[in-house]
Amino acid sequence: MTGLNPLTAGWIRLLTVAGLAASLIGWAAAPEDIPRAEPGEELSGGNTTVFDASPKAFGFPARNMQDEEHRSAFFVGHSFFNNNWVVAPGATAGRDGLGPLFNTRSCSACHADDGRSRPPEPGQPMTSMFLRLSIPGSGPHRAPLPDPVYGGQIQGQAIPGVPPEAEVFVTYTEIPGAFADGEHFSLRKPEYTITRPGYGPFAAGLLTSPRVAPVMMGTGLLETVPVETLRALAAEQKRGGHGIAGHINTVWDSALGKSAPGRFGWKSEQPTVRQQVAAAFNGDIGITSSLAPAENHTAAETACANKASGGHPEISEDIFNAVVMYTRTLAVPARRGWTNPAVLRGKGLFTRIGCATCHIPQLQTGDSDLAELSHQTIRPYTDLLLHDLGEGLADHRPVFDAGGRDWRTPPLWGMGLVFKVNRHTCFLHDGRARNSAEAILWHGGEAEAAREQFRTLPKADRAALLDFLESL
Amino acid sequence: MQVETQNAPSRLWRGITLLLLLLGAGGVSLPMTCGAESGPDVDGLKLKRRVLSNYAAIVDATYQDTVAATKELSAAIGNLVTAPAESTLTAARDAWLAARVRYSQSEAFRFYDGPIDQLEGQINSWPIDENYIDYVTGDPGAGLINCVSNYPVLSRDLILALNQKEGKKNISTGFHAIEFLLWGQPVEPGAGKRSWRDYADGAPHAERRRQYLRLVTDLLVDNLEAIAADWAGGVAGNYRSHFLALETDAALAHMLKGIGALSGPEMAGERLTSAYETREREEQQDCFSDNSRNDLIDDALGIQNVYFGNCRSPRGRNIQGPGLHDLLLRADPEFAGTMAAQIRAAVAAARALPPIFDQALLGPKTAPGRVAIKAAIQAFQAESDLIARAAGKLALKLNL
């Protein structure tokens with residue numbers, strides 16, 4: 001306090017008096033952990049944020065996208081995102097080349113309205129989710145080794161004259177549990193059955209991992225967060241102790257021909273949006289691109305060989321670029337109710353019980369070739385790092401540096417709008433959680449302490465926390 | 001620890017706020033207090049409320065007209081399926097085109113999570129993969145109508161369950177499903193040329209096609225009636241009463257969001273840019289009837305209705321009241337002039353679109369049709385950009 005001038009000291013005295021007055025009328029008596037709404041907190045995607053809470057909330061271009069060429073590419077990309085690809089040769093040359101093996105005919109089949117897919121109903125085969133496949137060991141560039149016959153994922157559909165790979169069904173076992181206050185809950189644990197294999201037996205020791213399609217928007221922003229930020233977050237977690245230590249997946253960037261940090265996919269297996277889009281076109285729809293030029297079947301799947309192609313590659317470079325632009329610039333919707341007292345209380349609890357250690361509320365994007373995405377303050381609620389989530393969620397299928405219990409912290413922005421857009425709230429990588437509370441309760445491993453804190457919160461606090469998630 | 005450090009400054013600010021309040025009450029003038037303000041702008045607020053109630057009246061009238069026109073369409077389709085003939089098919093097509101006029105004008109009321117936004121996917125989804133519904137060239141067995149083994153019984157529930165199942169273009173219902181069933185696949189330039197014989201006994205699955213057309217038309221009428229009821233005046237608990245009870249600025253922001261999202265992302269973007277860039281005729285909204293130009297004209301007129309607060313109803317109910325223009329005139333007359341000119345320019349740009357839209361797409365870059373399409377894209381986008389600026393002029397929080 002030395003060196004304060006008398007005027008400042010006077011202010012401090014005045015403030016002390018004011019503070020006392022505030023205490024007397026109970027103004028400052030609010031619980032300590034209710035944070036305030038921060039200015040701009042509702043702008044989850046910075047200047048890209050759109051204000052829309054309708055069933056189309058995930059489908060708008062970045063609000064700050066002014067460039068006419070960018071806009072054109074966005075809308076062309078949107079069209080092809082929704083487009084049903086057809087068997088080659090087709091009447092419209094730009095849209096043929098489906099399969100020979102595929103999961104769906106369009107991106108929008110799983111990412112309905114740019115949103116999130118869900119598991120099939122009991123007794124129905126998977127159509128908008130699938131199983132990834134590999135065998136123990138790793139291949140070139142440390143990538144997972146595909147099943148020698150079925151490749152890297154089960155494709156449940158095929159063009160005429162080609163057998164589909166298999167049908168996959170899911171059944172659930174209910175696991176009862178209880179909150180500390182005695183209220184019961186039940187979690188459903190999935191089990192998968194592969195039937196009608198089209199190409200003989202699967203390899204011994206087959207590893208599988210189920211995947212639903214996540215919400216699309218915001219990926220371009222996440223791509224732009226500097227890797228140094230991610231490293232710093234990992235270091236900070238390690239310093240903080242509590243057994244939480246995220247790590248970056250080091251994967252293969254096929255455009256650069258070298259290793260790169262992974263960011264996308266449930267195990268952070270893709271380094272860029274572009275590679276993610278190419279992989280999805282190739283693996284899920286059977287559409288080749290400049291970045292993934294080989295047809296999506298193995299040599300052992302001879303029935304697939306020599307089928308008509310939709311061109312080399314099947315998606316033209318212009319259209320591919322447009323779909324990538326579209327994906328990168330889909331806008332994040334603004335939060336709703338972000339100043340509500342219950343939501344603010346939930347926000348405080350989210351930090352207090354440890355959720356925010358990995359679901360990082362605020363990040364800064366770096367330089368991007370798209371000015372729209374550069375230097376934005378974003379609120380994605382992720383660290384983009386891999387964490388051990390425990391045995392309950394484990395798939396035991398390693399991918400590069402992601403172990404069998406590791407999952408990437410998914411961004412939480414927009415999760416309160418999933419029901420509005422997609423009419424369901426099936427969360428986690430396989431959609432097993434039927435709502436956000438169940439998603440929290442499935443957390444284990446590094447997140448076990450936070451989960452236990454949630455489980456032992458009073459009911460009103462749990463509700464406030466869920467209100468907060470709903471506002472994202 | 002973290003919580004405390006976060007809260008220390010906030011307690012300080014609470015203290016400062018209180019201090020300023022105390023000082024203000026004691027008559028001490030500080031530069032940051034708003035002593036110069038002359039109190040709330042009562043006239044401005046009154047005008048805003050009048051703009052909102054006039055808007056609600058326009059929405060109400062437009063949906064009532066849409067329902068009436070859609071019921072006429074339903075009657076015409078009833079005639080077609082009971083007596084298939086060239087004349088009944090033509091009458092049904094004319095009724096569809098007439099219903100489109102009113103419906104397109106109502107699209108200015110989308111995009112703020114109002115009643116239409118809950119049902120739009122069942123009312124106006126496009127572009128359709130038409131082989132999802134009925135036969136196409138080279139595939140006579142295609143579609144729900146012909147696929148008896150998978151769907152032995154057609155019903156409203158089935159059609160709803162299949163709408164946009166496993167793909168945005170797998171559309172089973174709404175205006176464009178009806179459009180395809182009336183015009184058929186556009187094999188040659190211009191509109192499709194489905195024959196009335198598709199509905200006459202003897203055509204493959206004629207009975208199922210008649211049934212399907214009836215089902216989707218009834219569903220369309222019901223959906224639009226539900227929306228109209230939500231906007232009817234004097235009904236406690238419906239959307240209109242909720243809308244008029246919103247905070248004034250929030251409701252005004254809805255109005256602007258509706259017209260701004262329609263002109264920019266929707267009209268300039270989805271309706272025209274993709275068609276312009278890919279040169280594919282099925283990328284236009286009314287690809288079966290080749291009526292896309294009229295849709296855009298009526299969309300632009302719907303925006304004009306909201307902006308000026310006027311609406312001319314074919315049933316003789318002319319609504320004339322204050323609109324956004326009047327609010328802007330108070331805020332910034334020069335800007336209001338620019339905005340009004342652009343609203344009219346957008347209507348003119350839509351009218352300047354080539355009548356046979358799909359053919360105009362195909363020409364070289366300098367062909368008059370493509371030039372007109374490009375000009376319309378720019379006009380609608382400029383309109384949207386100005387609407388975003390208008391929100392700023394009115395001190396509304398709106399981000400398009």
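The values are calculated or read from the model by the stated rules, or taken from the named source; none is laboratory data. Just so we're clear, the structure is a prediction, and the values are computed from it rather than from any experiment. Note that each Cβ is placed from the backbone with ideal geometry, even for glycine, and that neighbours are counted across all protein chains shown.
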Say whether the condition of being of a type outside the set (Ser, Thr, Tyr), within 14 Å of chain A (Cβ to nearest Cβ) and assigned to a helix (DSSP H, G or I) is met by at least one residue in the range B:290-301.
-> no
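Among the residues of the range B:83-95, are any within 14 Å of chain A (Cβ to nearest Cβ) and either farther than 21 Å from B:Asp290 by Cβ or outside any loop (DSSP other than H, G, I, E, B) (or both)? Before the answer, list the steps.
If we filter the range B:83-95 for residues that are within 14 Å of chain A (Cβ to nearest Cβ), which is where we start, we get none.
No - not one qualifying residue is present in the range B:83-95.
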Does B:Gly392 meet the test of being surrounded by fewer than 19 Cβ atoms within 10 Å (Cβ to Cβ), within 26 Å of A:His70 (Cβ to Cβ) and not aromatic (Phe, Trp, Tyr)?
-> yes
Out of A:Glu448, A:Glu452, A:Glu438, which single residue is at pLDDT 95 or above, surrounded by fewer than 20 Cβ atoms within 10 Å (Cβ to Cβ) and in contact with a strand residue (DSSP E or B) (Cβ under 7 Å, 6 or more places away or on another chain)?
-> A:Glu438
Would the range B:101-115 turn up any residue that is within 11 Å of another protein chain (Cβ to nearest Cβ), in contact with a Lys or Arg (Cβ under 8 Å, 6 or more places away or on another chain), within 22 Å of B:Arg214 (Cβ to Cβ) and modelled with pLDDT under 95?
-> no
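Condition test on A:Asp96, is it more than 12 Å from chain B (Cβ to nearest Cβ), in contact with a Gly (Cβ under 8 Å, 6 or more places away or on another chain) and surrounded by fewer than 24 Cβ atoms within 10 Å (Cβ to Cβ)?
Spelling it out, A:Asp96 is indeed more than 12 Å from chain B (Cβ to nearest Cβ), in contact with a Gly (Cβ under 8 Å, 6 or more places away or on another chain) and surrounded by fewer than 24 Cβ atoms within 10 Å (Cβ to Cβ).
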Answer yes if at least one residue in the range B:250-265 is of a type in the set (Ser, Thr, Tyr), over 26 Å from B:Thr70 (Cα atoms) and surrounded by 20 or more Cβ atoms within 10 Å (Cβ to Cβ), and no otherwise.
-> no
Test each condition in (1) assigned to a loop (DSSP other than H, G, I, E, B); (2) within 29 Å of A:Val418 (Cα to Cα) for A:Leu221 and report the one that comes out false.
-> (1)
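With within 14 Å of chain B (Cβ to nearest Cβ), surrounded by 15 or more Cβ atoms within 10 Å (Cβ to Cβ) and more than 30 Å from A:Glu452 (Cα to Cα) as the only criterion, which of A:Gly198, A:Gly152, A:Gly156 stands out?
A:Gly156
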Has the range A:127-141 got any residue that is of a type in the set (Val, Ile, Thr) and more than 11 Å from chain B (Cβ to nearest Cβ)?
-> yes
The range A:31-74 - residue that is closer than 24 Å to A:Leu349 by Cβ and facing another protein chain (nearest Cβ under 9 Å) and, of those, modelled with the highest pLDDT = A:Leu43
Considering only residues that are of a type in the set (Gly, Ala, Ser) and more than 7 Å from chain B (Cβ to nearest Cβ), look in the range A:75-93 and name the one that is nearest to the chain's Cα centre (by Cα).
-> A:Gly77
Output the number of residues of the range B:140-164 satisfying the condition of being without any contact (Cβ under 8 Å) to a residue 24 or more places away in the chain and either assigned to a loop (DSSP other than H, G, I, E, B) or surrounded by fewer than 12 Cβ atoms within 10 Å (Cβ to Cβ) (or both).
-> 10
Considering every residue within the range B:129-149, establish whether at least one is charged (D, E, K, R), within 16 Å of B:Arg194 (Cα to Cα) and within 13 Å of chain A (Cβ to nearest Cβ).
-> yes
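Listed here are the residues, each with its yes/no results for (1) among the β-branched types (Val, Ile, Thr); (2) within 20 Å of the chain's Cα centre (by Cα); (3) at pLDDT below 90.
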| residue | (1), (2), (3) |
| --- | --- |
| B:Ala245 | no, no, no |
| B:Thr248 | yes, no, no |
| B:Pro265 | no, yes, no |
| B:Glu283 | no, yes, yes |
| B:Phe288 | no, yes, no |
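Residues that are under 22 Å from B:Ile58 (Cα atoms) and among the hydrophobic types (A, V, I, L, M, F, W, C), at least 1 per element: which helices (runs of 4 or more DSSP H) completely within the range B:307-371 meet that?
Fully inside the range B:307-371 and qualifying: B:324-331, B:333-351.
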Considering A:Ala439, A:Ala394, which residue is among the small types (Gly, Ala, Ser) and over 18 Å from A:Asp467 (Cβ atoms)?
-> A:Ala394
May I ask you to verify whether A:Gly445 is among the small types (Gly, Ala, Ser), in contact with a Pro (Cβ under 9 Å, 6 or more places away or on another chain) and more than 14 Å from chain B (Cβ to nearest Cβ)?
-> no
Consider A:Arg142 against the criteria (1) within 22 Å of A:Asn282 (Cβ to Cβ); (2) among the basic types (Lys, Arg); (3) more than 27 Å from the chain's Cα centre (by Cα): it satisfies all of them except one. Which criterion is unmet?
-> (3)
Test: residue in the range A:364-374 that is surrounded by 23 or more Cβ atoms within 10 Å (Cβ to Cβ) and among the hydrophobic types (A, V, I, L, M, F, W, C) = yes
Out of the range A:417-472, which residues are among the polar types (S, T, N, Q) and in a loop (DSSP other than H, G, I, E, B)?
-> A:Thr425, A:Asn435
Confirm whether B:Lys46 is surrounded by fewer than 16 Cβ atoms within 10 Å (Cβ to Cβ) and at pLDDT 95 or above.
-> yes
Output the residues belonging to the range B:172-223 that are crowded, with 16+ Cβ neighbours inside 10 Å, basic (Lys, Arg) and outside any loop (DSSP other than H, G, I, E, B).
-> B:Arg208, B:Arg209, B:Arg210, B:Arg214
Looking at the range A:309-335, which of its residues are touching an Asp or Glu at 6+ places or on another chain (Cβ under 8 Å), more than 18 Å from A:Asn82 (Cα to Cα) and within 14 Å of another protein chain (Cβ to nearest Cβ)?
-> A:Pro333, A:Ala334, A:Arg335
Looking only at residues in the range B:82-118 that are among the aliphatic types (A, V, I, L, M) and surrounded by fewer than 21 Cβ atoms within 10 Å (Cβ to Cβ), which one is nearest to B:His176 (Cα to Cα)?
-> B:Leu97
Counting just the residues of the range A:99-110 that are more than 7 Å from every other protein chain (Cβ to nearest Cβ) and not in a helix (DSSP H, G or I), which one comes out surrounded by the most Cβ atoms within 10 Å (Cβ to Cβ)?
-> A:Leu101
Verdict on B:Ala236 being in a helix (DSSP H, G or I), on the phi < 0 side of the Ramachandran plot, of a type outside the set (Ser, Thr, Tyr) and surrounded by fewer than 24 Cβ atoms within 10 Å (Cβ to Cβ) = no
Would you check if there is a residue in the range B:60-82 being at negative phi and part of a loop (DSSP other than H, G, I, E, B)?
-> no
So which pairs qualify, if the first residue must be in the range A:208-229 and free of Cβ contacts under 8 Å to residues at least 12 places away in the same chain and among the basic types (Lys, Arg), the second must be surrounded by 21 or more Cβ atoms within 10 Å (Cβ to Cβ) and part of a loop (DSSP other than H, G, I, E, B), the Cβ gap must be under 6 Å, and the two must be at least 6 apart or on different chains?
-> none
